[in-house]
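The values are calculated or read from the model by the stated rules, or taken from the named source; none is laboratory data. The structure displayed is predicted, hence computed values, not measured ones. When we count neighbours, we look across all protein chains shown, and the Cβ atoms used for this are built from the backbone with ideal geometry, even at glycine.
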Amino acid sequence: MEQKPTIKKSAYQAGKNLWYAFPILIALLLLISILSQILTKEFYSSIFTGSLLDPLIGSIIGSISMGAPIISYIIGGEMMNQGVSLIAITAFIISWVSVGVFTFPVEAHYLGKKFAFVRNFLSFIFSIIVAITTVTILNLI
């Protein structure tokens, strides 16, 4: 007869998993903090030229930058004030939140490499598609 796991065992296992993941999460937060200081708002405005490549560039920069949604809206507003196109900002914000280049190793470890790759790849592709679609629809209205 199979014994059901108890709440105490489950809590212990969850705590143990969190303890092992803690150093990885700290390193990840430190890396993101360093990158957010290197990639300033002025950097973003110099990268986007208003070309057809802006959604692709926005998705790449957003994937590398990565962060919390509330911060992306602030950066997006500042980018808009500096003349960056709406399509680039939209691609940037979507990929900022949904694609995790630096979190990939952690995600691959816990959820599997194939899942992590497919999720990040599709999120990257859809960030470009959604940005183009959204801005096109907004310009038609």
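General remarks:
- Of residues in the stretch 36-70 being among the aliphatic types (A, V, I, L, M) and in a loop (DSSP other than H, G, I, E, B), the one modelled with the lowest pLDDT: Leu39
- Residue match in the stretch 28-35 (condition: part of a helix (DSSP H, G or I) and at pLDDT 85 or above): no
- Scanning the stretch 97-141 for residues that are hydrophobic (A, V, I, L, M, F, W, C) and without any contact (Cβ under 8 Å) to a residue 24 or more places away in the chain yields a total of 14.
- Qualifying residue in the stretch 6-23 (condition: assigned to a helix (DSSP H, G or I), β-branched (Val, Ile, Thr) and either modelled with pLDDT under 80 or over 17 Å from the mean Cα position of the chain (by Cα) (or both)): yes
- Subset of the stretch 72-94 that is in a helix (DSSP H, G or I) and hydroxyl-bearing (Ser, Thr, Tyr) - its residue that is surrounded by the most Cβ atoms within 10 Å (Cβ to Cβ): Thr90
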